[in-house]
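Notes follow once the structure below has been shown.
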């Protein structure tokens, strides 16, 4: 949601007047905070979810997904805003449409992440039975034979 707050700030604060310090900069700081919070979290998740011998593969997969997402996101944003803007006041509506796209996609991603977290935690809570392996070896259900 930190990322989504940046474009939302721009929607609420930016207009045809020049206002970098109170209009543009706070939104940039919020989007930067959002990206800065998610990238190390994803890396830590890969490190904790995979065995040590698969960390390299997991890290490369996360970086590949991040790059592909960036490319697709920029392409979608350019398709909404347009390929050529000159800063004229009549182009503000196109920029606003792009900010709406950014805020909405970030909010949808945050809701999906929260839903996946709830599902994962419920699944973990339901599977708190005895471990499949003990110090003596695999657990059997038919009395050890």
Review point. With labels modelled as points extended 7 Å from the Cα through the Cβ direction, what inter-label distance (nm, one decimal) is found for residue 113 paired with residue 57?
Key: 2.6
Review point. Using 0.36 nm per residue, how much length does the chain from residue 28 to residue 41 gain when fully extended, once their Cα-Cα distance is taken away?
Key: 2.7 nm
Review point. In deg cm²/dmol and to the nearest 500, what is the mean residue ellipticity at 222 nm of the chain if only DSSP H runs of at least 4 residues count, each as -39500 (n - 2.57), divided by the residue total?
Key: -24000 deg cm²/dmol
**Study point:** Length added when fully stretched, residue 77-residue 124, from 0.36 nm per residue minus Cα-Cα
**Key:** 13.1 nm
Check your understanding: Considering the values [x] 80, 28, 25; [y] 81, 25, 19; [z] 84, 34, 27, which represents Cα extents along the principal axes in Å as calculated for the structure under consideration?
Key -> [x]
Study note, to complete from the structure: Given a Förster distance of 25 Å, the FRET efficiency implied by the Cβ-Cβ spacing of residue 70 and residue 21, rounded to the nearest 0.05, works out to 0.35
Check your understanding: In degrees from 0 to 90, rounded to the nearest 10, what is the angle of the helix 92-126 Cα long axis to the longest principal axis of the chain?
Key -> 10
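Coordinate-derived values only; no laboratory data. Keep in mind that what you see is a predicted model, and the values were worked out from it rather than measured. Here Cβ is always computed from backbone atoms with ideal geometry, including for glycine, and neighbour counts include all displayed protein chains.
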